[in-house]
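Asks: Structure incoming, see below.
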């Protein structure tokens, strides 16, 4: 098993999405597993925690949670992405909170550009 992939977290995320009736696909990214909703990165596993794509305007409010930090990838802050430590989604209610925040922003998020095949 990849040390960056928390199988229990993946199972909990999948169960939450099924309960919400949300369609998704999974892609390997950033050394973890990313959940794509409507073709857009929404949340996933990342370096032993959780990556959450949220409304960039809510970053300052959401990082008041001690388990949440601005996500840094490649040495640069990623606008609108948070890294959530495991204690931030310990309970099902906590996990649901982050998933709900990500799903609320998803309709407004821009999809990444498709790479052209050569």
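Asks: Would you check if there is a residue in segment 62-71 being modelled with pLDDT under 90 and out of contact with any helix residue (DSSP H, G or I) (no Cβ under 8 Å at 6 or more places or on another chain)?
Replies: no
Asks: Give me a count of the residues in segment 25-39 that are modelled with pLDDT of 95 or more and crowded, with 16+ Cβ neighbours inside 10 Å.
Replies: Going through segment 25-39 one residue at a time, the tally reaches 3.
Asks: On to the next question. Within segment 35-48, which residues are in contact with a strand residue (DSSP E or B) (Cβ under 6 Å, 6 or more places away or on another chain) and over 18 Å from residue 17 (Cα atoms)?
Replies: The one that is in contact with a strand residue (DSSP E or B) (Cβ under 6 Å, 6 or more places away or on another chain) and over 18 Å from residue 17 (Cα atoms): 46.
Results for (1) within 12 Å of the chain's Cα centre (by Cα); (2) surrounded by 18 or more Cβ atoms within 10 Å (Cβ to Cβ); (3) part of a strand (DSSP E or B), shown as yes or no for each residue.
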| residue | (1), (2), (3) |
| --- | --- |
| 18 | no, no, no |
| 22 | no, no, no |
| 51 | yes, yes, yes |
| 60 | no, no, no |
| 71 | yes, yes, yes |
| 79 | no, no, yes |
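Asks: Still on this structure, I have one more. Testing residue 32 on (1) under 22 Å from residue 15 (Cα atoms); (2) out of contact with any strand residue (DSSP E or B) (no Cβ under 6 Å at 6 or more places or on another chain); (3) touching a residue at least 24 places away in the same chain (Cβ under 8 Å), one condition comes back false. Which one is that?
Replies: That leaves (2) as the condition not met.
Asks: All but one of (1) touching a helix residue (DSSP H, G or I) at 6+ places or on another chain (Cβ under 6 Å); (2) in contact (Cβ under 8 Å) with a residue 60 or more places away in the chain; (3) closer than 19 Å to residue 110 by Cα hold for residue 43; which doesn't?
Replies: Residue 43 satisfies every listed condition except (2).
The values are calculated or read from the model by the stated rules, or taken from the named source; none is laboratory data. All figures in this text were calculated on a predicted structure; none of them were measured in a lab. Note: ideal-geometry Cβ built from the backbone for every residue, glycine included; neighbour counts use all protein chains shown.
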